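The values are calculated or read from the model by the stated rules, or taken from the named source; none is laboratory data. Note that the structure is predicted; figures quoted are calculated from it, not measured. Virtual Cβ from ideal backbone geometry, glycine too; neighbours counted across all protein chains shown. Surface accessibility is based on the protein's heavy atoms, side chains included, excluding ligands, DNA and RNA. Shrake-Rupley method; radii C 1.70, N 1.55, O 1.52, S 1.80 Å.
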Amino acid sequence: MEVIKQVSTIRQRVQALRCSGKSIGFVPTMGALHEGHLQLLQASAQENDVTICSIFINPTQFNNPDDYKLYPRTLGQDTELLKTVGCNVLFAPSSEEIYPQQQPLLQFSFGALEDVMEGERRPGHFNGVATIVSKLFHLVQPHRAYFGQKDLQQVAIVRQLVHTLSFDLELVCYPTVREEDGLAMSSRNTRLNTEQRQVAPTLYKALKLAEAQLRKQPVAKTKAEVAAYLTSVHGVELEYFEIADPSTLQPVQDVRKVQEVALCIAAVVGPVRLIDNILVNLNEV
Ligand code: AMP
């Protein structure tokens, strides 16, 4: 596996790959790799001639300076893991390489898509995501790019970005990989202590509770029950629970009018803010 740190080098490498007709699969990450990332990489390795992974903790998408400062950094270990899943190139640039000084930050607008949930609670977050994803797509020029459903709103924003800026690539949304107790895998989970780790799966439990209730009772009652359930759990502070249309992400008021909903949750556990979601097909019993 080749490790590239310079923008000029990744450009040359990608140009050579494109010229020789190779298909490129791309998995952008912020490192501290876990099984969720590795499954995305394995999917890419199966479906493309060459797989490129990027590891870049993108400062412009963090609205909380502590979250950025304390984000786990495990590049040595990540590099070894990448070698085991068929990754061919690791692109791991520095911040200076990606954001040369005095470059003004572009402003993106995603309309209603970013007015809800993560966009509403994390001002500037999706602007940072759109900036880095655009830059990486230009540098890596992938045929396919792999993103996790775990960050459902991010997938919707990137889908919009690809469409609006005419990026010539296929976006692949990969299902959320979970721990045995249901907790969605996340690099931030390593910052939970034993007690916090024990209560963290209640986010997923709340989503499953909501799924069951939603099939037999109205939206408002389900939302109230989820809130009550999480209030009863010590150590979990609910930020939001939303029942949303999976493509527009706008709140759904009456599930009888839709076929599928996304149940989305964010909560703070100890030092970490966790998010999760599940898609529910309401026609299935
Ligand atoms: P991150 O390093 O957290 O920015 O994540 C990089 C990519 O991996 C994003 O597309 C995430 O949605 C995806 N990802 C993170 N956690 C999981 C998971 N548990 N299951 C599937 N994909 C994930």
What's the percent breakdown of Cα-Cα distances in region 141-285 across 10 Å bins, shortest bin first?
11, 38, 33, 16, 2
Count charges around CYS19 for me, please; just the other residues with Cβ under 14 Å from its Cβ, Lys/Arg as +1, Asp/Glu as -1.
+3
Which residue, PRO271, LEU82, VAL226, has the largest displacement toward the positive end of the dipole of the chain when charges sit on each Cβ (Lys, Arg +1; Asp, Glu -1)?
LEU82
Counting pairs of alpha carbon atoms under 8 Å apart in space and at least six apart in sequence, what relative contact order in percent does the chain give?
17 percent
Positive dipole terminus of the chain, leading residue within PHE62, PRO104, THR29 (C-beta point charges)
PRO104
In the Gaussian network model of the chain, springs joining C-alpha atoms below 10 Å, which of PHE26, PHE108, PHE56 carries the largest mean-square fluctuation?
PHE108
So, in Å, what gap is there between the alpha-carbon centers of region 132-182 and region 206-237?
29 Å
Cβ-based net charge around ALA224, under 15 Å, with every Lys or Arg adding one and every Asp or Glu removing one
+1
Any idea what diffusion coefficient the chain gets from Stokes-Einstein, in µm²/s, Kirkwood Rh on alpha carbon pairs, 25 °C, 0.890 mPa s?
123 µm²/s
How high is the relative contact order of region 192-268, given as a whole-number percent (alpha carbon pairs under 8 Å, six or more residues apart)?
31 percent
Distribution output for region 217-280: share of Cα-Cα pairs per 10 Å bin in percent, first bin at 0, values 21, 50, 25, 4
Could you tell me what percent of the DSSP beta bridges with both partners in the chain are antiparallel, to the nearest 5?
50 percent
What 222 nm value per residue comes from the helices of the chain, counting each DSSP H run with n ≥ 4 as -39,500 (n - 2.57) and dividing by all residues, nearest 500 deg cm²/dmol?
-11500 deg cm²/dmol
Non-local amide H neighbours of TYR240 (under 5 Å, H modeled in plane, Pro and chain starts lacking H): which ones?
ALA266
Å² per residue, accessible surface of the chain at 1.4 Å:
48 Å²
Net charge (Lys, Arg +1; Asp, Glu -1) of residues whose beta-carbon lies under 10 Å from that of ARG144, ARG144 excluded, is -2
Quick one: compute the contact order of region 153-285, relative version, from alpha carbon pairs under 8 angstrom and 6+ residues apart, as a percent.
21 percent
